[in-house]
Amino acid sequence: MMVSMKARSPKSLPGADPVACKARIFPRFAWAALLVCAAAGCNQHPDAQFVQNRLRMAANEVPGDIQVQIAEILAAMFGTPNDPFVPPESGLDVDKLRMAAGPVWSDELGIKHGLYRRHCAHCHGITGNGKGPTAAFLNPYPRDYRPGLFKMKSTERAAKPTLDNLRAVLREGIAGTAMPSFKLLPSDEIDVLAEYVKYLSMRGQMEEALVRFWFDEVDAGELIPEIRDVLVDELFAPIASQWEQAYDAVVEPEPAALPGTERSRKELVASINKGRLLFHDAKKGNCMSCHGAGALGDGQVNDYDDWNKVVVEFEDNHQQADLRALDVLPPRTIRPRNLRLGVYRFGRRPLDLFRRIHEGITGTPMPSSKGTLTPEEMWNVVDYVRSLPYEEASRPRHMETSIERVRM
Amino acid sequence: MSGKFWAFWLLLVPILGVATMAAGPLYGIWFPRDVSAHGHAIDHLFYFILWLTGIVFVGTQLTLVTFVWKYQAGKRQTVEYTHGSHHLEVVWTILPAAALVFIAIYQMNAWAMEKMDRPPGKPLAEVTGRQFEWRVRYPGQDGELYTPDDIFDVNDLHVPVGEEVLLAVKSADVLHSFFLPNFRLKQDVVPGMKQFVWFTPMETGKFDVVCAELCGWGHYKMKGQITVESRSDFDAWLARRFEEQQATHETAGDEES
């Protein structure tokens, strides 16, 4: 629709007397621009394109012809931001992707289209690379979906999040970050967005897989063989199956180790005290080494998460590199969570905290405690962590307004 | 252009102005339904001032039109020099001043009721504005905020119907404004301060919570929902939220919710 509007040049307008036309050339252009704007909305890019993972290309020194080939393979497998499609092996619903993709508009029935650009692209970018226009101003940076790593999930460390995990993040937002809650969106729109996040993530992982395949398997001067065996069966199918297997990887605590529901105050305090010792025990929980002796998140502050680590490593190897030309934001360290604030990014239920301790947090320095703590001990740490925001030292102080008058 | 031409256009201003006000309610662009106990006082003040200013507006516009029509250029009338009228000046200074003083006194009770006479007792919940959402914290069974039995939610504020609700309102980052259009209630929230708002919902249902202070690029989508329900439904909802928050394992149905 927009393309056809744009294609109508000012010259084809009626009454094209050359002299008059010259004198009025600016208003004519203004009219044409106005028409395009009115039809499409000024800020939308009618021909939005996915951008390349330039850092990955530079890090692996991928030559130009291979970069072009990778872009072509990705376009053939995944389409464009306006017209997405996927290989059937992905298990994704193309109708849902179409609802999420494309420019923002509503049809006659009031059904909203372009949901991803309406709600997400501002921060996460059209490509899902976490580099939308707002990204540079946010801390932490918005998630880059392309490595296929997700923190907010109930599954094992190496596994993908479940559909319900993605839905929960959309509905509840992520406290302590710039990700707001989209709770009031209808559930079918939430599902459409979750599907599109999977799509962008699969596409990004496929891009990385192609680069890796070229780096490891293809001889210099040759192209990646464009055959189904390689592209779909060898490279894409494993990525897609990870997503399909997410529900099998949900972490369920052992029933035997669960804390009772009717614990007395005394039992709870005993558990909290055990948890405190484990928290500070360098051979057991060792939590204080990062979260700090006071649990203020100040034990170590110089580490990076996996998304930033890639940039830091690239910088170390390429001292002269211009990061901006590579579409990369300046790397930021990851702060261990200040556990006294009572702000939990992915759920405050004991179950959520247990999963954090059991599996660690994907993509971050937070390790799994499976090797060092028994499930009972993990529950002790959960109890201790949950008690921290309510210690006297953690209590927030708030100035009240000067309005002292209270109705008699 | 003749003076008649301009008089015609100027005449359109009061006509279209009044027509917009008159047609607004028919097109659903007027006030949202008032479901609070005190809202009528705010609406009454609004309508009172609207009528007052509306009448003055129409009167002054018609005077303008009359003068443009009557004293249009081209009639070759002699222009008369005047040094102004002292009496006229006094009259049109005193009349608006008296009107303003009257409004100031007339609205005192409404203001006190809405902004000054905080009901005694502890807040039902604390609402924190954050770019771009409303986070809600209930004190739980003990009635004290910031204790382990607090109950949390986001963008969904539940309140009981027919009871006076006291809320504490805060901001986590920048200026926001906590606005309940159906309750005729609006309070700016300032980072570092805690404000109180109170109202009595009179009808059950779901209504909007919006931000009324430009707070960043996502200001327009900083929208929550207030659910007014019976006391028993409210208590049941709170209890259910609390139970969900205490979960140590997935119970059947959780993953579908």
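At a glance:
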{"read-out": "Segment A:Tyr247-A:Glu89, length gained on full extension (0.36 nm per residue, minus Cα span)", "value": "55.1 nm"}
{"read-out": "Amide proton proximity set for B:Val154, modelled H, under 5 Å, gap of 5+", "value": "B:Val136"}
{"read-out": "FRET efficiency estimate (nearest 0.05) - Cβ-Cβ, A:Arg335 to A:Glu313, R0 22 angstrom", "value": "0.65"}
{"read-out": "Chymotrypsin sites (Phe, Trp or Tyr not before Pro), loop per DSSP, at most 11 other Cβ atoms within 10 Å - longest free stretch of chain B", "value": "B:82-257"}
{"read-out": "Options B:Val90, B:Phe152, A:Asn302, ranked by Cα towards positive dipole end of the protein assembly as shown, top entry (Cβ charges)", "value": "B:Val90"}
{"read-out": "Anchor B:Lys170: lysines whose Cα lies under 20 Å away (excluding residues fewer than 8 positions away in-chain)", "value": "B:Lys115, B:Lys122, B:Lys186, B:Lys194, B:Lys221, B:Lys223"}
{"read-out": "Computed E for B:Asp188/B:Phe242 - FRET, C-beta separation, R0 35 angstrom, nearest 0.05", "value": "0.65"}
{"read-out": "Net dipole in debye of the protein assembly as shown [+1 Lys, Arg Cβ; -1 Asp, Glu Cβ; about Cα centre; nearest 20]", "value": "2960 debye"}
{"read-out": "Cβ-derived FRET efficiency at R0 41 Å, B:Tyr47 paired with A:Ser106, nearest 0.05", "value": "0.75"}
{"read-out": "Loop trypsin sites (Lys or Arg not before Pro), the stretch B:1-103 (other Cβ atoms within 10 Å of the site Cβ: 15 or fewer; DSSP)", "value": "B:Arg33, B:Lys75, B:Arg76"}
{"read-out": "GluC sites (Glu not before Pro) restricted to DSSP loop in the stretch A:93-187 with at most 13 other C-beta within 10 Å", "value": "A:Glu108"}
{"read-out": "Which of B:Met116, A:Met57 has the fewest Cβ neighbours within 10 Å, and the rest in rising order", "value": "B:Met116, A:Met57"}
{"read-out": "Within straight-line cross-link reach of B:Lys70, lysines at Cα separation under 16 Å, skipping those fewer than 8 residues along the same chain", "value": "B:Lys4"}
{"read-out": "Within straight-line cross-link reach of A:Lys284, lysines at Cα separation under 21 Å, skipping those fewer than 8 residues along the same chain", "value": "A:Lys274, A:Lys370"}
{"read-out": "Distance between modelled label sites at B:Leu88 and A:Glu234, nm, 7 Å Cα→Cβ extension", "value": "9.4 nm"}
{"read-out": "Kirkwood hydrodynamic radius of chain B, Cα pairs, Å", "value": "22.6 Å"}
{"read-out": "Overall dimensions of the stretch A:147-245 by Cα: Rg and Dmax, Å", "value": "16.7, 53"}
{"read-out": "Average other protein chain Cβ within 10 Å of Cβ, residues B:212-218", "value": "2"}
{"read-out": "The stretch A:276-408 - convex hull of alpha carbons, volume per residue in Å³", "value": "189 Å³"}
{"read-out": "Computed log₁₀ I(q)/I(0) - Debye formula, equal Cα scatterers, no solvent, the stretch B:121-256, q 0.16, 0.17, 0.22 Å⁻¹", "value": "-0.83, -0.93, -1.39"}
{"read-out": "Beta bridge orientation in the protein assembly as shown: antiparallel %, DSSP, nearest 5", "value": "70 percent"}
{"read-out": "Percent antiparallel among DSSP beta bridges (both partners in chain B, rounded to 5)", "value": "75 percent"}
{"read-out": "For the stretch B:135-142, 3J(HN,Hα) per residue [Karplus equation, 6.51 cos²θ - 1.76 cosθ + 1.60, θ = phi - 60°, Hz, x = Gly/Pro]", "value": "9, 10, 9, 9, x, x, 4, 7"}
{"read-out": "Relative exposure of A:Arg332, B:Arg241, judged by other C-beta atoms within 10 Å (fewest first)", "value": "A:Arg332, B:Arg241"}
{"read-out": "Under Karplus coefficients 6.51, -1.76 and 1.60, residue-wise ³J(HN,Hα) of the stretch A:157-164 in Hz, glycine/proline x", "value": "3, 7, 7, 7, x, 7, 4, 5"}
{"read-out": "Stokes-Einstein D (µm²/s) once Rh is taken as the Kirkwood radius of the stretch A:48-248 over alpha-carbon pairs, at 10 °C in 1.306 mPa s", "value": "90 µm²/s"}
{"read-out": "Averaged over B:146-153, number of beta-carbon atoms from partner chains that fall within 10 Å", "value": "4"}
{"read-out": "Label-point gap, in nm, between A:Phe137 and B:Ser2 - each point 7 angstrom along Cα→Cβ", "value": "5.6 nm"}
{"read-out": "Ellipsoid semi-axes in whole angstrom, largest first, where each is sqrt(5λ) of the Cα gyration tensor of the protein assembly as shown", "value": "53, 41, 21"}
{"read-out": "GluC sites (Glu not before Pro) restricted to DSSP loop in the stretch B:48-147 with at most 15 other C-beta within 10 Å", "value": "B:Glu80, B:Glu144"}
{"read-out": "Neighbour-count order for B:His40, A:His124, B:His87, B:His219, fewest beta carbons within 10 angstrom listed first", "value": "B:His87, B:His40, B:His219, A:His124"}
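No value in this document is a laboratory result; all are computed from the given coordinates. Please read all numbers here as calculations on a predicted model, not as lab measurements. For neighbour counting, all protein chains shown are included, and Cβ atoms are generated from backbone atoms with ideal geometry for every residue, glycine included.
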